[in-house]
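Structure first, commentary second.
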Amino acid sequence: MPKYTAAKIEKKWQKYWETKKLYETADFDRDKRNFMVLVEFPYPSGDLHVGHWYAFAIPDIYVRYLRMNGFNVMYPIGFDAFGLPAENAAIQRDIHPRDWTKKNITKMSKQLRSMGAAFDWSREVSTIEPQYYKWTQWIFLQLYKAGLAYRAQTFVNWCPKDKTVLANEQVKEGRCDRCGTAVEQRELAQWMFKITSFADRLIDDLEDLDWPEATKLAQKNWIGRSEGAHIRFSVPGQAESHSIEVFTTRPDTIFGATFLVVSPELAQKWIDMGWQAGPDLKDYIARSFKKTELQRQEDVRDKTGISAGFNALNPMSEKEIPVWVADYVLGHYGTGAIMAVPAHDQRDFDFAKKYGLPIKEVILNEDDLKDEANENEGVLISSGQFDGMSSSEAKKKITQALKDKKAGEFQKNYRLHDWVLSRQRYWGVPIPMVNCPTCGYQPVPESELPVKLPPLKDFLPADDGRSPLAKATTWLKTKCPKCDGVAERETDTMDTFVDSSWYFLRYTDPHNDKDFASMEKMARWLPVPLYFGGAEHNTMHLLYSRFITKALRSQNLIDFSEPFLGRRNHGTVLGPDGHKMSKSKGNVVDPDPEVAAYGADAVRMYLAFLGPYNELNAPWKKEGLIGVARFLNRVWYFVHRHTDTKLKSADSQDIKVALNRAAKEIGSQIKQHKFNTGVSHLMKLLNELEDRAGDGRLSKEQYRALLKLIAPFAPHISEELWQTVLGHEGSIHLEPWPEIDESLLAEESVTLIIQVNGKLRDSITIKPGLSEAEARSIVLASDKIKKYLAGGEPKKFIYVQDKLANIVI
RNA sequence: GCCCGGGUGGUGGAAUGGUAUACACGCACGACUUAAAAUCGUGUGCCGCAAGGCAUGUGGGUCCGAGUCCCACCCCGGGCACCA
């Protein structure tokens, strides 16, 4: 009997599957329903780590199960290969990002193949290939034509270390998501996507998606819709156009608005437009601009500000109130100015206390305001004709009154900002625009796409906010598509999240050179029914993809408006020390040696067994891996042992029942993505088979069934046993899941639990389906129970058929 | 501060309101072996000789019955955060 040597058989079968094109998916199969299982395509960072195995090899179990259940399953893979880390790594190693990235892709492709996953490599995409990014540029142009891509001068997040602009989503706690440097605010002209124009639908359409609630909530919070009023405070002695506009969610408290606060950004805008501000004020604005977002957040407790030196008119109370400039008001939210209601807003309260500004209560409150504002809604007081109204009623009435006075109206506001997609870095997709001195920015004609990334030698980022592409002097010079005059190409590249916002579309038609994907092929596969990935993408990739999908839909370029109908997040595998794996901690597990020693099947199955897929947060333990390898070894010998002699066809009933039940159970576990309990049921099954059939009573059909149940988890060993040992021609991975005989699922006997006052006292084996009366007489006849009853009658007898009887005494 | 998750043996974890601790890992003992590894078998929540009692973060509650539902609190992880 040969030993189980995983490394040997795994290579063999991987080659076999590839030669037979076993996992290449047809666009159409008349007998099968199409189903795409999407996983987040990897970034080619260099080496495959355990996290990749977790992300790709575990969904593969589901993929294989679907295939066995008659689906035409596409399991595509590709590389998200542009981006900063590649560039930084290339700078460090003094090689070109393209060479570094390509080398990594080659290596990782090989490592990915060692998983034995059912990837369709014929559909592989790579975002750095011109035939891919041509369409990334094309999509940009469609959005530009639709007014959804635009260039604007705004305050943006600037990472001084990476020397590039960052989207809001890429700033975490005031720091660059990539390198951790404190982010600065810079006013720069940037290309933006108008994601805010879909804000409502991005929230409302979440409802119909089969996504984790946590992800939906994260997106809702991120978009941050709030409803309130947009209100104009006129400035006495100034024209209507010089009114100060504010947004508030509490128009019911407007009678308590005792001053206005304007953000430094808005004040600066006024100065630019000719407002004569004093030197102190200018100095304050300059100082607050110097603060990083981080410092600004640290100053929460101690608010600073300065009087603007003039008043505005409260349109409801018709009293003049002072205007202040303070950086606790954000320039980028709402109108950049607020009405301050210190009695009912803690921030305004702190500010009013510090600068001695009046505090006026307009919501009835039994306690005196001491150190805190009363932020609750309630009954209005000191609010003229609105006294006695509830906040919710007053919100409507006051908004209406403002509208009548032409001083305001109902408004929704969002925390979400437009997506800044310009990056001042080399390793990305060039933005297909041309800047002409006479015509301004003009789109590159579609016929000239792709605008290829020039092969620069010096691609280092610059401090001045200009992209390295500006150094490509010959590339830079072009002619204006409109006037034919001399013009320059746009030198910014796109955020890589643009590349990854549409890759799943390309999988349906990866070699199309006339279109990003044909409507017909997209219709066969999309929207994506199921997407596995990491929770870190909740408010980035997942939100961006939804936006691009909605934008393309709005231009009738696709005919669905949500990209991913189902989404499942996976958990994380920790290092053996129980901490998150990281190079600096030195606790990163390299899967390659484990695969070499125990096999891909063992690694896959161990990861599946480790814990619930969606919430795993457990350490990698070698002992656990060995445990699973031991199980596979037992499978190996179990199947071999009984083929040494001749296979017997005797169908023992209990084995048949066990296999049938396992097929049902394991199938249902996989369907629910409970891979860990799926594995445990396989183990249970083998335990039972060994106990009952140690002497070889399984029929050939029963061995077949056993291997089929193992196949999704351990595709190599099951193939080896299927073809080499059982002698089948053709792959086990083309076989259907064992048919389930419902009639065999019924139990012949069940254990009835007997409780007295809810405590377990006895258990008996009975035939299923006993009536309450039958059960009662059996239960009360039990010696153990008689002891508790002491001759008396139970007060109550609770019977759950085939499960339990509870006697209350 | 607000909003989500989650606290179960020595460890990873299992459990439609109905036998808590399945399945593994680890450990102990045993078999095989000159020996070890591998493999196989038995045991393994805690207290107790036993009968029995106590255990799912803590304290209450609902229920015949609570890991599971409700209330309060503690701890851990995550998201958002001067968002008006």
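Within 16 Å of RNA strand B (Cβ to nearest atom), surrounded by 16 or more Cβ atoms within 10 Å (Cβ to Cβ) and part of a loop (DSSP other than H, G, I, E, B): which single residue out of A:L770, A:L752, A:L709 fits that description?
Values: A:L752 fails: part of a loop (DSSP other than H, G, I, E, B); A:L709 fails: part of a loop (DSSP other than H, G, I, E, B).
Testing whether each residue is within 16 Å of RNA strand B (Cβ to nearest atom), surrounded by 16 or more Cβ atoms within 10 Å (Cβ to Cβ) and part of a loop (DSSP other than H, G, I, E, B) leaves just A:L770.
Being near RNA strand B (Cβ under 9 Å from one of its atoms), in contact (Cβ under 8 Å) with a residue 12 or more places away in the chain and under 30 Å from A:D210 (Cα atoms) is the filter; apply it to the range A:672-690 and report the residue that is surrounded by the fewest Cβ atoms within 10 Å (Cβ to Cβ).
The qualifying residue surrounded by the fewest Cβ atoms within 10 Å (Cβ to Cβ) is A:S680.
Based on what the data block shows, is A:V573 at pLDDT below 95, crowded, with 17+ Cβ neighbours inside 10 Å and in contact with a Phe, Trp or Tyr (Cβ under 8 Å, 6 or more places away or on another chain)? Spell out the reasoning first.
On the way: at pLDDT below 95: yes; crowded, with 17+ Cβ neighbours inside 10 Å: yes; in contact with a Phe, Trp or Tyr (Cβ under 8 Å, 6 or more places away or on another chain): yes.
Answer is yes for this residue.
When the range A:149-191 is examined, which residues are found to be of a type in the set (K, R), away from RNA strand B (no atom under 14 Å from the Cβ) and without any contact (Cβ under 8 Å) to a residue 60 or more places away in the chain?
A:K161
Specify which of the listed residues (A:L313, A:L330) is surrounded by fewer than 21 Cβ atoms within 10 Å (Cβ to Cβ) and more than 30 Å from A:L416 (Cβ to Cβ).
Numbers: A:L330 fails: more than 30 Å from A:L416 (Cβ to Cβ).
When all the criteria are applied, what remains is A:L313.
Only one residue in A:L610, A:L557 is away from RNA strand B (no atom under 15 Å from the Cβ), surrounded by 16 or more Cβ atoms within 10 Å (Cβ to Cβ) and hydrophobic (A, V, I, L, M, F, W, C), so which one is that? Walk me through how you get there before you give the answer.
Details: A:L610 fails: away from RNA strand B (no atom under 15 Å from the Cβ).
After applying the criteria, what remains is A:L557.
In this structure, is A:G624 touching a Phe, Trp or Tyr at 6+ places or on another chain (Cβ under 9 Å), under 30 Å from A:Y703 (Cβ atoms) and within 9 Å of RNA strand B (Cβ to nearest atom)? Spell out the reasoning first.
Working: touching a Phe, Trp or Tyr at 6+ places or on another chain (Cβ under 9 Å): yes; under 30 Å from A:Y703 (Cβ atoms): yes; within 9 Å of RNA strand B (Cβ to nearest atom): yes.
The answer is yes for A:G624.
If you go through the range A:12-30, how many residues are among the polar types (S, T, N, Q) and not in a helix (DSSP H, G or I)? Show your work before the answer.
Step one: filter the range A:12-30 for residues among the polar types (S, T, N, Q), giving A:14, A:19, A:25.
Those left that are additionally not in a helix (DSSP H, G or I): A:25.
Final tally of qualifying residues: 1.
What is the residue count in the range A:781-798 for residues that are outside any helix (DSSP H, G or I), near RNA strand B (Cβ under 9 Å from one of its atoms) and touching a residue at least 12 places away in the same chain (Cβ under 8 Å)?
Applying the first criterion (outside any helix (DSSP H, G or I)) to the range A:781-798 yields A:781-782, A:790-798.
In the following step, the residues that additionally are near RNA strand B (Cβ under 9 Å from one of its atoms) were identified as A:795-796, A:798.
Among the residues that remain, those that are also touching a residue at least 12 places away in the same chain (Cβ under 8 Å) are: A:795-796.
Of the residues in the range A:781-798, 2 are outside any helix (DSSP H, G or I), near RNA strand B (Cβ under 9 Å from one of its atoms) and touching a residue at least 12 places away in the same chain (Cβ under 8 Å).
Restricting to the range A:394-436, name every residue that is in contact with a helix residue (DSSP H, G or I) (Cβ under 8 Å, 6 or more places away or on another chain), in contact (Cβ under 8 Å) with a residue 12 or more places away in the chain and surrounded by fewer than 19 Cβ atoms within 10 Å (Cβ to Cβ).
Residues satisfying the conditions are A:E409, A:F410, A:K412, A:Y414, A:R415, A:H417.
If you scan the range A:211-252, which residues turn out to be among the polar types (S, T, N, Q) and either free of Cβ contacts under 8 Å to residues at least 12 places away in the same chain or not in a strand (DSSP E or B) (or both)? So that I can check it myself, show each step before the final result.
So in the range A:211-252, the residues among the polar types (S, T, N, Q) come out as A:215, A:219, A:221, A:226, A:234, A:238, A:241, A:243, A:248-249.
A:T215, A:Q219, A:N221, A:Q238, A:S241, A:S243, A:T249, listed by residue number.
Could you tell me which residue of the range A:189-244 is farthest from the chain's Cα centre (by Cα), considering only residues that are aromatic (F, W, Y) and more than 16 Å from A:R546 (Cα to Cα)? I'd like the intermediate steps shown before the answer.
Taking the range A:189-244 first, the residues aromatic (F, W, Y) are A:191, A:193, A:198, A:211, A:222, A:233.
In the following step, the residues that additionally are more than 16 Å from A:R546 (Cα to Cα) were identified as A:191, A:233.
Details: A:W191: 24, A:F233: 42 Å.
Step by step, filter the range A:189-244, then rank; the result is A:F233.
For the range A:712-730, enumerate the residues that are more than 16 Å from RNA strand B (Cβ to nearest atom), out of contact with any Leu (no Cβ under 6 Å at 6 or more places or on another chain) and not aliphatic (A, V, I, L, M). Step through it out loud before you land on a result.
Residues of the range A:712-730 more than 16 Å from RNA strand B (Cβ to nearest atom): A:712, A:715-716, A:718-730.
In the following step, the residues that additionally are out of contact with any Leu (no Cβ under 6 Å at 6 or more places or on another chain) were identified as A:712, A:715-716, A:719-720, A:723-730.
Of everything in the range A:712-730, those that are more than 16 Å from RNA strand B (Cβ to nearest atom), out of contact with any Leu (no Cβ under 6 Å at 6 or more places or on another chain) and not aliphatic (A, V, I, L, M) turn out to be A:P712, A:P715, A:H716, A:E719, A:E720, A:Q723, A:T724, A:G727, A:H728, A:E729, A:G730.
Considering the range A:575-593 alone, what residues qualify as being more than 8 Å from RNA strand B (Cβ to nearest atom) and either farther than 19 Å from A:S45 by Cβ or aromatic (F, W, Y) (or both)?
Selection gives A:P576, A:D577, A:H579.
Keeping to the range A:192-208, report how many residues are buried (at least 18 other Cβ atoms within 10 Å of the Cβ), within 15 Å of RNA strand B (Cβ to nearest atom) and touching a residue at least 24 places away in the same chain (Cβ under 8 Å).
Total satisfying the criteria: 3.
Read through the list (1) without any contact (Cβ under 8 Å) to a residue 24 or more places away in the chain; (2) touching an Asp or Glu at 6+ places or on another chain (Cβ under 9 Å); (3) among the hydrophobic types (A, V, I, L, M, F, W, C), then give the number of the only condition that A:F259 fails.
All conditions are met except number (1).
Filter the range A:545-579 down to residues that are over 19 Å from the mean Cα position of the chain (by Cα) and on the phi < 0 side of the Ramachandran plot, then give me how many there are. Spell out the reasoning first.
So in the range A:545-579, the residues over 19 Å from the mean Cα position of the chain (by Cα) come out as A:551-560, A:574-579.
Narrowing the set further to residues that are on the phi < 0 side of the Ramachandran plot leaves A:551-555, A:557-560, A:574-577, A:579.
Here the count works out to 14.
Search the range A:580-592 for residues being within 22 Å of the chain's Cα centre (by Cα) and surrounded by fewer than 19 Cβ atoms within 10 Å (Cβ to Cβ), and hand back the single one that is modelled with the highest pLDDT. Walk me through how you get there before you give the answer.
Initial filter on the range A:580-592 (within 22 Å of the chain's Cα centre (by Cα)): A:580-582.
Next cut, surrounded by fewer than 19 Cβ atoms within 10 Å (Cβ to Cβ) only: A:580, A:582.
Numbers: A:K580: 86, A:S582: 83.
Among those that are within 22 Å of the chain's Cα centre (by Cα) and surrounded by fewer than 19 Cβ atoms within 10 Å (Cβ to Cβ), it is A:K580.
Please pick out the residue among A:R604, A:R661 that is part of a helix (DSSP H, G or I), within 15 Å of RNA strand B (Cβ to nearest atom) and modelled with pLDDT under 95.
Matching residue, one of A:R604, A:R661: A:R661.
Is at least one residue of the range A:284-298 near RNA strand B (Cβ under 9 Å from one of its atoms) and acidic (D, E)?
So far as the range A:284-298 goes, yes, one or more of its residues are near RNA strand B (Cβ under 9 Å from one of its atoms) and acidic (D, E).
Only one of A:I764, A:I753, A:I778 is touching a residue at least 40 places away in the same chain (Cβ under 8 Å) and either out of contact with any strand residue (DSSP E or B) (no Cβ under 7 Å at 6 or more places or on another chain) or of a type outside the set (D, E, K, R) (or both); which? Before the answer, list the steps.
Details: A:I764 fails: touching a residue at least 40 places away in the same chain (Cβ under 8 Å); A:I778 fails: touching a residue at least 40 places away in the same chain (Cβ under 8 Å).
The conditions single out A:I753.
Please tell me if A:K103 is over 22 Å from the mean Cα position of the chain (by Cα), more than 26 Å from A:F675 (Cα to Cα) and part of a helix (DSSP H, G or I).
Numbers: over 22 Å from the mean Cα position of the chain (by Cα): yes; more than 26 Å from A:F675 (Cα to Cα): yes; part of a helix (DSSP H, G or I): yes.
Yes, satisfied.
Could you pull out the residue among A:K103, A:K145, A:K134 that is charged (D, E, K, R), surrounded by fewer than 17 Cβ atoms within 10 Å (Cβ to Cβ) and within 18 Å of A:E490 (Cα to Cα)?
A:K145
Can you tell me which residues in the range A:284-309 are under 22 Å from A:G356 (Cα atoms) and either in contact with a Lys or Arg (Cβ under 9 Å, 6 or more places away or on another chain) or among the acidic types (D, E) (or both)? Steps first, answer last, please.
Start the filter on the range A:284-309 by keeping residues that are under 22 Å from A:G356 (Cα atoms), which leaves A:284-285, A:288, A:299-309.
Answer for the range A:284-309, where residues must be under 22 Å from A:G356 (Cα atoms) and either in contact with a Lys or Arg (Cβ under 9 Å, 6 or more places away or on another chain) or among the acidic types (D, E) (or both): A:S288, A:D299, A:V300, A:D302, A:K303, A:T304, A:G305.
Having 2 or more residues that are of a type in the set (K, R) is the bar; report the helices (runs of 4 or more DSSP H) wholly within the range A:455-559 that clear it. Let's see the steps before the verdict.
Details: elements: A:473-476, A:496-499, A:503-506, A:519-525, A:541-554.
By residue number, A:519-525, A:541-554.
The rows are residues; the columns are (1) buried (at least 21 other Cβ atoms within 10 Å of the Cβ); (2) in contact with a Gly (Cβ under 7 Å, 6 or more places away or on another chain); (3) of a type in the set (K, R); (4) touching a residue at least 24 places away in the same chain (Cβ under 8 Å).
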{"site": "A:E318", "(1), (2), (3), (4)": "no, no, no, no"}
{"site": "A:P322", "(1), (2), (3), (4)": "no, no, no, yes"}
{"site": "A:V325", "(1), (2), (3), (4)": "yes, yes, no, yes"}
{"site": "A:I338", "(1), (2), (3), (4)": "yes, no, no, yes"}
{"site": "A:Q346", "(1), (2), (3), (4)": "no, no, no, yes"}
{"site": "A:K354", "(1), (2), (3), (4)": "no, no, yes, yes"}
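The values are calculated or read from the model by the stated rules, or taken from the named source; none is laboratory data. The model shown is predicted, which means the values in this text are computed figures rather than measured ones. Glycine gets a Cβ as well: all are built from the backbone with ideal geometry, and neighbour counts include every protein chain shown.
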